[in-house]
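Student: Once you've had a glance at the structure underneath, I'll fire off some questions.
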Amino acid sequence: MKYALISDIHANLPALDAVLADIDARADIDARADIDAIFHLGDLVGYGPWPNETVDRIAERAIPGIAGNYDSTVATDYKHCGCQYEDPHQEALSHLSYAWTREQVSPATKKFLFTLPFRLDLRPLGGHLAKPSVTLLHGNQVLNTVYVYEQRTDDFLRKFGAGVGAREGDVICFGHTHKAWHRIVDGVHYINTGSVGRPKDGDARAGYVLLAVNTAVISVEIARVTYDVEQTARAIHASTLPNEFADFLRRGGAAATPADQT
Ligand SMILES: [Fe+2]
């Protein structure tokens with residue numbers, strides 16, 4: 001069973017379309033590479049200029065998924081997006097993005113975001129077998145606002161895995177930090193699926209993860225796809241979103257100055 005896992009699209013429609021085209025092309029090139037299902041791991045909206053169109057695309061393609069912090073806060077009219085900011089300027093930009101997104105989302109989009117589950121548990125080999133299980137989360141098993149960075153200790157991940165209920169051979173996938181990574185601790189796979197529409201690892205390309213689960217083998221590929229960043233940048237400039245969001249995409253989220261970490 002092979003899954004394409006797409007996370008943190010953040011209303012960046014050209015990035016989403018490029019990733020979907022890449023997934024479709026893999027199936028066309030090599031039938032063995034065929035992907036059985038696509039799942040999203042939340043944060044469909046926020047920061048980018050196409051929140052309604054992004055949700056429409058996910059709905060059109062019938063891609064199941066979970067609620068990121070941006071999705072659940074917009075859906076429930078929460079006071080802020082649950083995002084982390086490193087300084088007052090980033091905090092001000094974040095509030096602008098949240099207010100803009102809340103103003104733009106249609107009632108249908110809001111309803112769609114409201115219906116997203118917090119967590120999905122998959123059994124690629126069938127529910128009649130005890131494992132492996134694949135759990136999809138946005139943050140951690142308690143909150144979709146918790147950042148599971150690559151720098152987290154093995155002990156942190158052990159507690160995370162225990163909280164999920166994972167056992168050796170199981171897989172936990174999550175997003176939220178916008179940086180992809182994969183680590184195995186005590187036989188449990190921890191996979192951060194990166195970000196389609198707002199990467200923060202200094203690579204401007206869209207990112208997603210291919211996860212293949214067979215009886216004995218679990219394989220993970222972190223994929224990157226070039227998309228038309230300038231198309232998104234132009235749409236940001238044409239909107240009332242902060243122009244800095246366009247530069248952020250061009251830099252792949254790399255800090256413009258050492259003090260400008262987001
Ligand atoms: Fe996000």
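Student: Considering the Cα positions of the range 69-213, please state its Rg to one decimal place and its Dmax as a whole number of Å.
Tutor: Spelled out, the Cα radius of gyration and Dmax of the range 69-213 are 16.5, 52 Å.
Student: Which trypsin sites (Lys or Arg not before Pro) in the range 226-256 sit in a loop by DSSP (not H, G, I, E or B) and have at most 11 other Cβ atoms within 10 Å of their own Cβ?
Tutor: On the way: sites: 234, 250, 251; in loops: 251.
The qualifying sites: there are none.
Student: Hey, which lysines would be in cross-link range of residue 110, C-alpha to C-alpha under 28 Å, not counting anything within fewer than 8 residues on its own chain?
Tutor: List returned: 79, 179, 200.
Student: Under the rule a/c < 1.5 gives rounded, and otherwise a/b versus b/c splits prolate from oblate, where does the chain land using the Cα gyration tensor?
Tutor: Values: a/c = 1.59, a/b = 1.41, b/c = 1.13.
It comes out prolate by the Cα gyration axes.
Student: Then there's this: Based on DSSP, what percent of beta bridges with both residues in the chain are antiparallel, to the nearest 5? If you can, show how the numbers build up before the last one.
Tutor: Details: 21 of 33 bridges.
Among the beta bridges of the chain, antiparallel pairing accounts for roughly 65 percent.
Student: Which GluC sites (Glu not before Pro) in the range 47-89 pass both tests, a DSSP loop state and at most 16 other beta-carbon atoms within 10 Å?
Tutor: Numbers: sites: 53, 60, 86; in loops: 86.
For GluC sites (Glu not before Pro) across the range 47-89 that sit outside H, G, I, E and B with at most 16 neighbouring Cβ atoms in 10 Å, the list reads 86.
Student: Still on this structure, I have one more. Under 25 °C and 0.890 mPa s, how fast does the range 1-145 diffuse according to Stokes-Einstein, given a Kirkwood radius computed over C-alpha pairs? Answer in µm²/s, whole number. If you can, show how the numbers build up before the last one.
Tutor: Details: Rh = 16.2 Å.
After rounding, the answer is 152 µm²/s.
Student: I've got another one for you. Within 13 Å, Cβ to Cβ, of residue 224, how many net charges do the neighbouring residues add up to if Lys/Arg are +1 and Asp/Glu are -1? Don't skip to the answer; put the middle values down first.
Tutor: Working: positive: 179, 205; negative: 22, 201, 203, 221.
With Lys, Arg at +1 and Asp, Glu at -1, the net is -2.
Student: Net charge near residue 52: determine it from the other residues with C-beta under 14 Å of the C-beta of residue 52, scoring Lys and Arg +1 and Asp and Glu -1.
Tutor: Details: positive: 57, 102, 110, 111; negative: 53, 56, 60, 71, 103.
Here the count lands on -1.
Student: Next up: So what's the net charge close to residue 205: Lys and Arg +1, Asp and Glu -1, counting the other residues with Cβ under 15 Å from its Cβ? Display every interim value, and only then the final one.
Tutor: Working: positive: 179, 198, 200, 224, 250, 251; negative: 8, 17, 22, 201, 203, 221, 228, 230.
Net charge in that neighbourhood comes out at -2.
Student: A follow-up question, please. So which trypsin sites (Lys or Arg not before Pro) in the range 1-81 end up in coil per DSSP with only 15 or fewer other C-beta atoms within 10 Å? Walk me through the intermediate numbers first.
Tutor: Values: sites: 2, 26, 32, 57, 61, 79; in loops: 61, 79.
Within the range 1-81, the qualifying trypsin sites (Lys or Arg not before Pro) (loop, at most 15 other Cβ atoms within 10 Å) are 61, 79.
Bear in mind that the values in this text are calculations on the coordinates, not laboratory data. Bear in mind that the values here come from a model prediction, so they are computed numbers and not experimental data. Ideal geometry is used to build each Cβ from the backbone, glycine not excepted, and the neighbour counts take in all protein chains shown.
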